[in-house]
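Q: The structure under discussion is supplied below as structure tokens; questions concerning it will follow.
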Amino acid sequence: MPSTPVARSETGDPLLLTPGPLTTSKTVKESVLHDWGSRDTTFVNINKSVMARLPAIVNGGDEFVTVPMQGSGTFAVEAMLTTFIPHDGKVLLLINGAYGQRAKKICEIAGRSVAVHETPEDTPPDLAAVESILRNDKAITHVFMVHCETTSGILNPVVKIAEIAERHGKSLLVDSMSAFGALPLDMKLSRLDAVAASSNKCIQGLPGLGFVICRKTALERCKGQATTLVLDLHDQWANFVKTGQYRFTPPIHVIVAFHQALEEFDAEGGVAGRGKRYAENCRILIQGMRELGFETLLPDQLQAPIIVTFRMPADKNFVFQTFYDKLKDRGYVIYPGKLTVADSFRIGCIGQLLAHHMRGVLTAIREILDEMNVRSLNGEKAA
Ligand SMILES: *Cc1c(COP(=O)(O)O)cnc(C)c1O
């Protein structure tokens, strides 16, 4: 039996120190204990209010519209890429992790031409290289990037890439899934035409809804470009304008919970308040893990306060599955690594997690290392 108290969420569940789905508040979960019809005016109004308040989170005014997309975040990313990039267009994909790779796969399946600028998972895009690709390849119409690449937790330079895209007259599409609501992003950056995110990350809602915040003038040009019926953002939008309704059954409960999550997000002080709590969670986690001897993959200046990648300790007594199971027994669910550059695991800082939860997981980790008889924690470099 663990000697530290077992951690629990407000509803008695293990804490999810994962990048989303994540631990949500009790009030978010309780908000869905009802039935609503999809054409019910109560639901229609809740949906309208959710969609209307999302652009402001990324400083988007009336020139932007939120187009929701049923499904997980990837549905929104695929909808964004295949709606915005025309059949005869070409997109430069900035890749430094699994979500960038996924965008490439989406474009290939949809038959969109791609150019790729790929850097290792611990390295942001090379701005001079991006500049040079855009200067030399006149066929490129769009640039795609991931804001926080959740594979490693790296923060990619959206503002700098937006400036380069602007200079070359390219439209910028951003996957801000794991950063939206926690890290500032400004839609007024002139060539930022679309940003995709979802209900179950930093806004702390339930999983099941993606959305894309679109510059209206850019979306208007997308009629007929999509490769599928369901992922056609233009058609989804046009139908809302005409009828105020989804084309197909919406995840009603997810949207109602998202509304409650947005109320709680505002009460916490929006991006500034939420970002501050996550940054504090991240600081406590990294400091404590380093004190225990763990090494982060990323230097602090590249680390987003969303999820932290730690190198797997070299000590042969450190068996990740045992470590994972023992943490789960103490009420903390962490995340395996997804890196190709190093053996690693990840701990998230987002969701309904407070400073004392982060201190709690550190105490539990210290205890588990003792139980596993792990002594040397220097990462692979020491091996
Ligand atoms: C979570 C996430 C997605 C979407 O993943 P789903 O499993 O489809 O919700 C996309 N991009 C990034 C960067 C993410 O963190």
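The values are calculated or read from the model by the stated rules, or taken from the named source; none is laboratory data. Only a predicted model underlies this, so the values are computations on that prediction, with no experimental measurement involved. Cβ: placed from backbone, ideal geometry, glycine included. Neighbour counts: every protein chain shown. Accessible surface areas use protein heavy atoms only, side chains included; no ligands, DNA or RNA. Shrake-Rupley method; radii C 1.70, N 1.55, O 1.52, S 1.80 Å.
Q: Suppose we filter region 184-195 for residues that are buried (at least 22 other Cβ atoms within 10 Å of the Cβ) and either farther than 20 Å from residue 140 by Cβ or more than 13 Å from the ligand (Cβ to nearest atom) (or both); how many remain? Walk me through it before giving the result.
A: Initial filter on region 184-195 (buried (at least 22 other Cβ atoms within 10 Å of the Cβ)): 185, 187, 192-195.
Narrowing further to those that are either farther than 20 Å from residue 140 by Cβ or more than 13 Å from the ligand (Cβ to nearest atom) (or both): 185, 187, 192-194.
Result for region 184-195: 5.
Q: OK, next. Mind listing whichever residues of region 109-134 are touching a helix residue (DSSP H, G or I) at 6+ places or on another chain (Cβ under 9 Å), open to solvent by 20 Å² or more (accessible area, probe 1.4 Å) and in a helix (DSSP H, G or I)?
A: Once the filter is applied, which keeps residues that are touching a helix residue (DSSP H, G or I) at 6+ places or on another chain (Cβ under 9 Å), open to solvent by 20 Å² or more (accessible area, probe 1.4 Å) and in a helix (DSSP H, G or I), region 109-134 yields 109, 127, 131.
Q: Test each condition in (1) open to solvent by 30 Å² or more (accessible area, probe 1.4 Å); (2) under 18 Å from the mean Cα position of the chain (by Cα); (3) under 30 Å from residue 120 (Cα atoms) for residue 352 and report the one that comes out false.
A: (3)
Q: Right, another one. Of the residues that make up region 223-244, is at least one under 17 Å from residue 28 (Cα atoms), within 16 Å of the ligand (Cβ to nearest atom) and touching a residue at least 60 places away in the same chain (Cβ under 8 Å)?
A: Of all residues in region 223-244, those under 17 Å from residue 28 (Cα atoms) come to none.
No, region 223-244 contains no residue that is under 17 Å from residue 28 (Cα atoms), within 16 Å of the ligand (Cβ to nearest atom) and touching a residue at least 60 places away in the same chain (Cβ under 8 Å).
Q: For residue 20, state whether it is on the phi > 0 side of the Ramachandran plot, at pLDDT 95 or above and either not basic (Lys, Arg) or not in a strand (DSSP E or B) (or both).
A: Values: on the phi > 0 side of the Ramachandran plot: yes; at pLDDT 95 or above: no; either not basic (Lys, Arg) or not in a strand (DSSP E or B) (or both): yes.
For residue 20, the condition - on the phi > 0 side of the Ramachandran plot, at pLDDT 95 or above and either not basic (Lys, Arg) or not in a strand (DSSP E or B) (or both) - is not met.
Q: Within the set of pairs 6 or more residues apart or between chains, which connect a residue that is closer than 20 Å to residue 277 by Cα inside region 290-307 to a residue that is open to solvent by 20 Å² or more (accessible area, probe 1.4 Å) and not in a loop (DSSP other than H, G, I, E, B) with Cβ atoms less than 6 Å apart?
A: Partner pairs satisfying both residue conditions: 304/155; 305/279.
Q: Anything in region 68-91 that is away from the ligand (no atom under 15 Å from the Cβ) and either touching a Phe, Trp or Tyr at 6+ places or on another chain (Cβ under 7 Å) or open to solvent by 30 Å² or more (accessible area, probe 1.4 Å) (or both)? List them, or say none.
A: Within region 68-91, 87, 88, 90, 91 qualify.
Q: Just to check your reading of the model, which residue among 265, 211, 294, 248 is modelled with pLDDT of 95 or more and assigned to a helix (DSSP H, G or I)? Please lay out each step first, then the result.
A: On the way: 211 fails: assigned to a helix (DSSP H, G or I); 294 fails: assigned to a helix (DSSP H, G or I); 248 fails: assigned to a helix (DSSP H, G or I).
265 is the lone residue from the list that is modelled with pLDDT of 95 or more and assigned to a helix (DSSP H, G or I).
Q: Working only within region 335-349, note down all residues that are hydrophobic (A, V, I, L, M, F, W, C) and surrounded by fewer than 23 Cβ atoms within 10 Å (Cβ to Cβ). First the steps, then the outcome.
A: The initial filter retains those residues of region 335-349 that are hydrophobic (A, V, I, L, M, F, W, C), namely 339, 341-342, 345, 347, 349.
Once the filter is applied, which keeps residues that are hydrophobic (A, V, I, L, M, F, W, C) and surrounded by fewer than 23 Cβ atoms within 10 Å (Cβ to Cβ), region 335-349 yields 339, 341, 342, 345.
Q: So residue 321 clears everything in (1) within 24 Å of the chain's Cα centre (by Cα); (2) open to solvent by 10 Å² or more (accessible area, probe 1.4 Å); (3) under 28 Å from residue 96 (Cα atoms) except one condition, right? Which one?
A: (1) is the only condition that residue 321 fails.
Q: When you scan region 129-140, do you find a residue that is within 15 Å of the ligand (Cβ to nearest atom) and at pLDDT 95 or above, even just one?
A: If we filter region 129-140 for residues that are within 15 Å of the ligand (Cβ to nearest atom), which is where we start, we get none.
For region 129-140, residues within 15 Å of the ligand (Cβ to nearest atom) and at pLDDT 95 or above: absent.
Q: Working carefully through the options 56, 52, find the one that is more than 16 Å from the ligand (Cβ to nearest atom), assigned to a helix (DSSP H, G or I), over 19 Å from the mean Cα position of the chain (by Cα) and not assigned by TED's automatic domain parsing to the domain that holds residue 358.
A: Values: 56 fails: over 19 Å from the mean Cα position of the chain (by Cα).
Unique residue meeting the criteria: 52.
Q: So residue 276 ticks every box in (1) in the same structural domain as residue 305 (by TED's automatic domain parsing); (2) over 18 Å from the mean Cα position of the chain (by Cα); (3) charged (D, E, K, R) but one. Which box is left unticked?
A: Among (1) in the same structural domain as residue 305 (by TED's automatic domain parsing); (2) over 18 Å from the mean Cα position of the chain (by Cα); (3) charged (D, E, K, R), residue 276 violates only (2).
Q: Being within 18 Å of residue 188 (Cβ to Cβ) and polar (S, T, N, Q) is true for just one of 59, 47. Which residue is that?
A: Numbers: 47 fails: within 18 Å of residue 188 (Cβ to Cβ).
After ruling out the rest, the residue left standing is 59.
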